[in-house]
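Colleague: Before I ask anything, let me first share the structure, which is written out below as structure tokens.
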Amino acid sequence: MDTPLFEMQSKIKALAKARNAIILAHNYQPPEIQDLADLCGDSLELSRKAAQTDADVIVFCGVHFMAETASILSPDKVVLLPNPKAGCLMADMITAEALQLKIDSLPPMPVVTYVNSTADVKALSTVCCTSANVVKVVNSLAADEMLLTPDRNLAQYAAARTGKKIHYWDGYCPTHEWLTVEDVQQARAEHPKAVFIAHPECRPEIVSLADVVASTSGMLRHAAQAKEREFIIGTETGLLYPLRRANPDKQFYPAAAKMTCKNMKKIKLADVLRSLETMSGEVKVSEEIRVPALRAVEKMIAIV
Ligand code: 13P
Ligand code: SF4
């Protein structure tokens, strides 16, 4: 018989305490992982927490680039990704070699890299950004022309909000790219009173239909403060769990049920337990890559 959820969760919590480990979870993680975590958040909040914690071990329930970012920020800590197969399809759409070729093909300009990228891509970048701070990061640069990688949708969103010339890499998040104008029209027809909130990883034509554009934690904050009671959520469906938990008196509808990221669902409680028991799944970035990548990540953290 399977161990009941609460039993597994308390076993993990006891072991985490014994190892002085903190459990961080992204807002898209499965409910039982979010319930277990010491902190749930968007990419920016999780990066900040990873930089500040005094735990010896960081258990990262998210995807590989998030654990890598934690390791970049906290090289003396052990960072564990409980399922090493949890990757990010967008991060895999660019390599350091390909980015270097792109940089060489353009006049000198800053390179802004979304944290949804590998450490060696960050290492070639001027500054990192997340969906929560991309506009601030772009505006913080003196240059009016820059390259933003790897998300073409985030780049177009930043260009529209800042008026700067932004060259972009042709990458995207498949989960957000799946959302079509027809899906949004149908959701609006079914829920005419609902506010439509979109993530900036959605296509530009979707972003321009949105009432609000925000990161996952930005969506949580907006929903909690809004006077409206119904919301259509244009991001990965995992966010519906914390939205509904925090706002039991409000209604949340997925913009499209197909918006599910398989990688974000790969970590199971059994993986977290095994990882902490055996200290397996460590993610570590070599110093050669970490030092330049840290420069870009710290520059971002200093801006906001
Ligand atoms: P945020 O939580 O930073 O909005 O990130 C969205 C995402 O796609 C993470 O993989
Ligand atoms: Fe990557 Fe998109 Fe999944 Fe986030 S939701 S991990 S950007 S593929």
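Colleague: Report the residue, chosen from 27, 263, 153, that carries the largest GNM mean-square fluctuation when the chain is represented by alpha-carbon nodes joined by springs under 10 Å.
Modeller: Result: 263 has the largest fluctuation of those listed.
Colleague: Which residues does a label at residue 284 reach in the stretch 112-128, if reach means a backbone N under 18 Å from a point 7 Å past the Cα toward the Cβ?
Modeller: Label zone hits: 119-120.
Colleague: Shifting gears a bit: Hey, how many Å between the Cα centroid of the stretch 137-153 and the Cα centroid of the stretch 246-302?
Modeller: 24 Å
Colleague: Residues of the stretch 230-252 with the amide nitrogen closer than 14 Å to a label point 7 Å from the Cα of residue 35, along Cα-to-Cβ, please.
Modeller: 241-242, 245-246
Colleague: Using the Karplus curve 6.51 cos²θ - 1.76 cosθ + 1.60 with θ = phi - 60°, work out ³J(HN,Hα) for each residue of the stretch 213-230 in order, rounded to whole Hz, and write x for Gly and Pro.
Modeller: Computed from phi, the couplings for the stretch 213-230 are 10, 7, 5, 5, 6, x, 5, 4, 5, 4, 4, 5, 8, 5, 7, 5, 10, 10 Hz.
Colleague: Using 24 Å as the Cα-Cα cut-off, could you pick out the over-long pairs in 164/227; 102/164; 13/265; 49/299; 164/299; 49/136?
Modeller: 164/227
Colleague: Using the Karplus curve 6.51 cos²θ - 1.76 cosθ + 1.60 with θ = phi - 60°, what ³J(HN,Hα) values do you get for each residue of the stretch 62-71, in whole Hz, with x for Gly and Pro?
Modeller: x, 10, 4, 5, 6, 5, 4, 4, 4, 5
Colleague: Run through the DSSP bridge list for the chain and note the antiparallel percent, rounded to the nearest 5.
Modeller: That works out to approximately 5 percent antiparallel.
Colleague: Same structure again: For the stretch 66-156, just say rounded, prolate or oblate: build the C-alpha gyration tensor, square-root its eigenvalues into a ≥ b ≥ c, call rounded for a/c under 1.5, and beyond that prolate if a/b exceeds b/c, oblate if not.
Modeller: prolate
Colleague: Give me the accessible area per residue for the chain, probe 1.4 Å, as a whole number in Å².
Modeller: With the other protein chains kept in place, the chain gives 43 Å² per residue.
Colleague: Stretched out fully, how many nm does the piece from residue 277 to residue 20 gain, at 0.36 nm a residue minus the Cα gap?
Modeller: 91.2 nm
Colleague: While we're here: Quick check: from the Cα gyration tensor, does the chain come out rounded (a/c under 1.5), prolate or oblate? Working shown, then result.
Modeller: Details: a/c = 1.91, a/b = 1.07, b/c = 1.79.
Note, shape of the chain comes out oblate.
Colleague: Still on this structure, please answer the following. Tell me the mean residue ellipticity at 222 nm calculated for the chain from its helices only (DSSP H runs of n ≥ 4, each -39500 (n - 2.57), averaged over every residue, nearest 500).
Modeller: Details: 15 runs with 134 residues, N = 304.
Calculated from helices alone, the mean residue ellipticity at 222 nm is -12500 deg cm²/dmol.
Colleague: Quick one: net charge of residue 281's neighbours, Cβ under 15 Å, K/R +1, D/E -1? Don't skip to the end; give the middle numbers.
Modeller: Values: positive: 19, 77, 85, 266, 268, 274, 284; negative: 68, 271, 277, 282.
The answer is +3.
Colleague: Rounded, prolate or oblate for the stretch 157-304? Axes are the square roots of the Cα gyration tensor eigenvalues, ordered a ≥ b ≥ c, and the cut-off for rounded is a/c under 1.5.
Modeller: Oblate, since a/c reaches 1.5 and b/c is not below a/b.
Colleague: Sticking with this structure for a sec: With labels modelled as points extended 7 Å from the Cα through the Cβ direction, what inter-label distance (nm, one decimal) is found for residue 48 paired with residue 211?
Modeller: Going from the residue 48 label point to the residue 211 one covers 2.7 nm.
The values are calculated or read from the model by the stated rules, or taken from the named source; none is laboratory data. Note that the structure is a prediction, hence the values are computed from the model and not measured. Backbone-built Cβ (ideal geometry, glycine too); neighbour counts: all protein chains shown. Note: accessible area is taken over every heavy atom of the protein model, side chains too, but ligands, DNA and RNA are not part of it. Shrake-Rupley method; radii C 1.70, N 1.55, O 1.52, S 1.80 Å.
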